[in-house]
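A short write-up of the structure that comes next.
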Amino acid sequence: MRRNIPERTRFESDSSIESALMAFPLFACAPLVLTYVSLGAEVGTHALIDRLLAAGRRVAVPRVDLASKDMTFHEIGSLDELSPGVMGILEPGEDAPALVEPAQLVGSVCLVPGLVFDGAGHRVGYGGGYYDRFLAFYPGDKIGLARTTMISSNPLPVDGHDVPVDFIATEGAVWNCRGL
């Protein structure tokens, strides 16, 4: 369904999502942003990463280790530092500084990809479980990025290892999923 959205419409939607995110105080004040590097028809993050880095914000992106099934975040200074990794997704090199201590992540936010999200913050990802394993121990706030067409009005199926996001940023709004 995402691939069928015209490129111009996706771009306009992603720009609106970025604007909503930048206006969200929790995101605007975070000293460190962990974010996926978008691929294909995902909600785009390349322009956001460039914008954050140009503003002097700290940004870290994931690197996947297939052998251990782990995902670690590494701080970057530019998208030019990335090269195709697992499944063609741009990743930092092995020499990029890894953020592996929980204390390094305190106060950060993590932007989380997904195919579909529900109002409780549960999501359907790509099936590898990399984000759920990482988020299970992540001390910061989790923000899913989703076009409104990616929001389910019905609860999604949940397994014991699934970790919901705290917020979902869509075109024009950031939704609280914490059930306060």
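Could you grab me the full set of residues in region 16-48 that are of a type in the set (A, V, I, L, M), open to solvent by 60 Å² or more (accessible area, probe 1.4 Å) and modelled with pLDDT under 95?
LEU39
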Notebook entry, point to check: Within region 83-99, which residues are among the acidic types (Asp, Glu) and either buried (at least 18 other Cβ atoms within 10 Å of the Cβ) or assigned to a strand (DSSP E or B) (or both)?
Noted result: GLU91
Item checked: Exclusive hit being without any contact (Cβ under 8 Å) to a residue 24 or more places away in the chain and either open to solvent by less than 40 Å² (accessible area, probe 1.4 Å) or among the aliphatic types (A, V, I, L, M) (or both), set ALA103, ALA120 -> ALA103
Next item on the list: Check region 49-62 and report whether any residue there is part of a strand (DSSP E or B), modelled with pLDDT of 95 or more and of a type in the set (Lys, Arg).
Entry: yes
Note to self: Can you report the number of residues in region 53-82 which are small (Gly, Ala, Ser) and either open to solvent by 60 Å² or more (accessible area, probe 1.4 Å) or touching a Phe, Trp or Tyr at 6+ places or on another chain (Cβ under 7 Å) (or both)?
What the structure shows: 5
Check: Of the numbered conditions (1) surrounded by fewer than 17 Cβ atoms within 10 Å (Cβ to Cβ); (2) closer than 22 Å to GLY114 by Cα; (3) polar (S, T, N, Q), SER13 satisfies every one except a single condition; which is it?
Finding: (1)
Check: For region 126-175, how many residues are of a type in the set (Gly, Ala, Ser), buried (at least 17 other Cβ atoms within 10 Å of the Cβ) and either more than 15 Å from the chain's Cα centre (by Cα) or farther than 19 Å from ALA30 by Cα (or both)?
Finding: 1
Next item on the list: Could you tell me which numbered condition GLU18 fails, if it satisfies all but one of (1) of a type outside the set (Val, Ile, Thr); (2) more than 28 Å from PRO102 (Cα to Cα); (3) part of a helix (DSSP H, G or I)?
Entry: (2)
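I'd like the full set of residues that are in contact (Cβ under 8 Å) with a residue 60 or more places away in the chain and either over 18 Å from TYR126 (Cβ atoms) or among the acidic types (Asp, Glu) (or both), limited to region 24-47.
Matches in region 24-47: PHE24, LEU26, PHE27, ALA30, PRO31, LEU32, VAL33, GLU42.
The values are calculated or read from the model by the stated rules, or taken from the named source; none is laboratory data. This one's a predicted model, so the numbers in the text were calculated from it and none came from an experiment. Backbone-built Cβ (ideal geometry, glycine too); neighbour counts: all protein chains shown. All accessible areas refer to the heavy atoms of the entire protein, side chains included, with ligands and DNA or RNA removed. Shrake-Rupley method; radii C 1.70, N 1.55, O 1.52, S 1.80 Å.
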